[in-house]
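Notes to accompany the following structure.
Rule-based calculations on the coordinates, nothing more; no lab input. It should be emphasised that the depicted structure is a prediction, and the values quoted were computed from it without experimental measurement. Cβ atoms come from the backbone with ideal geometry, glycine included; neighbour counts cover every protein chain shown.
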Amino acid sequence: MAEDDYPFEYSDNNTYNISEEFPELDLFIPEPCGQLLSSNFNKVFLPTVYGIIFILGIIGNGLVIAVMGYQKKVKTMTDKYRVHLSVADLLFVLTLPFWAVDAAKTWYFGGFLCVSVHVIYTLNLYSSVLILAFISLDRYLAIVHATNSQAKRKLLANKVIYIAVWLPATILTVPDLVFARVQDVKSSNYLFVEDSMESTDSRTICQRIYPGSSSLIWTVVFRFQHILVGFVLPGLVILVCYCIIISKLSQGAKGQVLKKKALKTTVILIICFFGCWLPYCTGIFLDTLIMLDVVRSSCQLQQAVETWISITEALAYFHCCLNPILYAFLGVKFNKTARSTLTNSSKSSQKVTLMAKKRGQISSVSTESESSSVLTS
């Protein structure tokens, strides 16, 4: 930037006060807070972690959906929840490549995709944690009220889940439709590091942009909504249901081996949910208190909170990779079905290969149709 672009002369002793010469302006120029440090961290950290979550999430959830789709028998309530959860997690991870590119460089994908990705992200972020609450409620009914809960479980799995999970999650995407947009940002913030001065690059952002006069109010409201609906309410349901289940399984002396395994699995589910989501929600709660001036702010605290949110947000997203393991692959029945699916697929592929060798040269079109019919049979 040329010297003519500065409205006042920069002095090393930093004693110049523009309000002394122009008291009517009464300008307050805040101390630069080194936002480039966290920005540079996010450019490397977020794309890397999002890429790992994307690959693991596609493989795990895709396999669950494939196995569930391969089953010809009537699916149980547990299987239905697995499908709902895997669909939610799969759609969620599909948005991560967009956010990875946005964190590394800028938003290249235009306004329509900006709104679409925000809507998909919000829809499946809320639906996945609410489905986890439904799964815990279903297990509570199946274990604690095993004799007379079948009708209630069917009602929850077949009808209530759409009203209590997918409908609220869809409604919560309305702010994305209203506020999410693309905006070019030309930053004038500077970072002073060891007497050197750097300026942040201008870039295109895709995020919710609230009206200037009420921006703080909107931000605080939606953050508390995120904490309440996305963590506190489902977290309470999960904690209460699983604690009652643990208490129930701890009683009696029959089937100690199976009970110990069930108890271990239940404890793992609780630890994984709160271990993934509690640090992130704590970070955004503290950041919101700083925005409201409830907690006294400083540059060091702001930088620490921003870094904490970036790291714990990525940790929270890892939960969509853990869900297939926790809620599907730990189940003995699902493991048998998965092995059967992979074995049958392998045998089918071998059968197609042998048929092709016996027939000799055949057209590529007929080969594709035959292999498809064998694999889908």
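Legend: distances between Cα atoms for K43/K80; K159/K260; K159/K261; K154/K264; K159/K264; K159/K259; pairs beyond 29 Å are K43/K80; K159/K260; K159/K261; K159/K264; K159/K259. For the pair T76 and Y162 in one chain, pulling the backbone fully straight at 0.36 nm per residue adds 29.3 nm over the alpha carbon distance.
I need R296, R82, R139 ordered by Cβ neighbour count within 10 Å, fewest first.
On the way: R296 8, R82 25, R139 22.
Exposure proxy ranking, most exposed first: R296, R139, R82.
In this rough spin-label picture, where each label sits 7 Å from Cα along the Cβ direction, the Q251-F224 distance is 4.0 nm. The length gained by stretching the chain between C299 and F41 to full extension, at 0.36 nm per residue less their Cα-Cα distance, is 91.3 nm.
Y108 to V174: FRET efficiency via 1/(1 + (r/R0)^6), r the Cβ-Cβ distance, R0 35 Å, to the nearest 0.05?
On the way: r = 26 Å, r/R0 = 0.74.
Given R0 = 35 Å and the Cβ-Cβ separation, E is 0.85.
Stretching the chain fully between L278 and I52 yields a gain of 79.2 nm (0.36 nm per residue, less the alpha carbon separation).
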